[in-house]
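Let me begin by presenting the structure, written as structure tokens, before commenting on it.
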Amino acid sequence: MTEHADEEFREFMSGRWPGTVRLAYGLTGDLGHAEDLAQTAFAKAYASWARVRRSGDPDAYLRQIVLNENRNRFRKRRVTEWLTGRLPEPDHPDGPGRPDSGAVHDDRLALLAALRTLGPRQRAVVVLRYWAGLTETEAAAALGCSVGTVKSQAARALASLRTSTELVEEGRS
């Protein structure tokens, strides 16, 4: 790559790193896996930076790489997911482990516990739709499925979350 392209990629990466780690954290539930996933995604984006730039939406391209790499974690070898019950220590002011106070912290822990009860597909839909703020169409494109699938998976996931004992018990205290 040229020096200009290298600098352009460095700026892209530094601006997208926190958000990419947050997205990966929502998908994996583990800060270590999230950082590995983000690093792999940026390495792949760097290797094909000319194509990423030409895509018209480098953020969507990077998001797709993150989703594909997360799926590949399970394809390469069978991995048992183990989502932690506590948030990671903060390491960046915008990072996924940003410290919270009191009830907000308790709410986050309850939400993470409830998300652990969802299957990977439902969790991906919830993370993309409500954590990353994608539309149904964008989430469907990112997951490689129909908008109807995103709607049904989101509806099932939200119904499950509404009856989740982690969230119900947290709401009563």
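The values are calculated or read from the model by the stated rules, or taken from the named source; none is laboratory data. It should be emphasised that the depicted structure is a prediction, and the values quoted were computed from it without experimental measurement. Cβ: placed from backbone, ideal geometry, glycine included. Neighbour counts: every protein chain shown. Heads up: the accessible areas ignore ligands, DNA and RNA and are worked out on the full protein's heavy atoms, side chains in. Shrake-Rupley method; radii C 1.70, N 1.55, O 1.52, S 1.80 Å.
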Which percent of the accessible area of region 1-73 is formed by carbon and sulfur heavy atoms (probe 1.4 angstrom)?
48 percent
Hey, with R₀ at 22 Å, roughly what FRET efficiency would Asp57 and Arg108 work out to, going by the Cβ-Cβ distance, to 0.05?
0.15
What is the distance in Å between the Cα centroid of region 40-61 and that of region 111-163?
24 Å
Backbone HN-Hα couplings from phi across region 146-156 [Karplus 6.51/-1.76/1.60, Hz, Gly and Pro as x]:
7, 4, x, 5, 4, 4, 5, 5, 5, 4, 5
J(HN,Hα) series, region 131-144, from Karplus relation 6.51 cos²θ - 1.76 cosθ + 1.60, nearest Hz, glycine and proline x:
8, 8, x, 7, 6, 4, 5, 5, 5, 4, 5, 5, 8, x
Label point distance in nm, Asp36-Arg116, each placed 7 Å from Cα along Cα→Cβ
1.9 nm
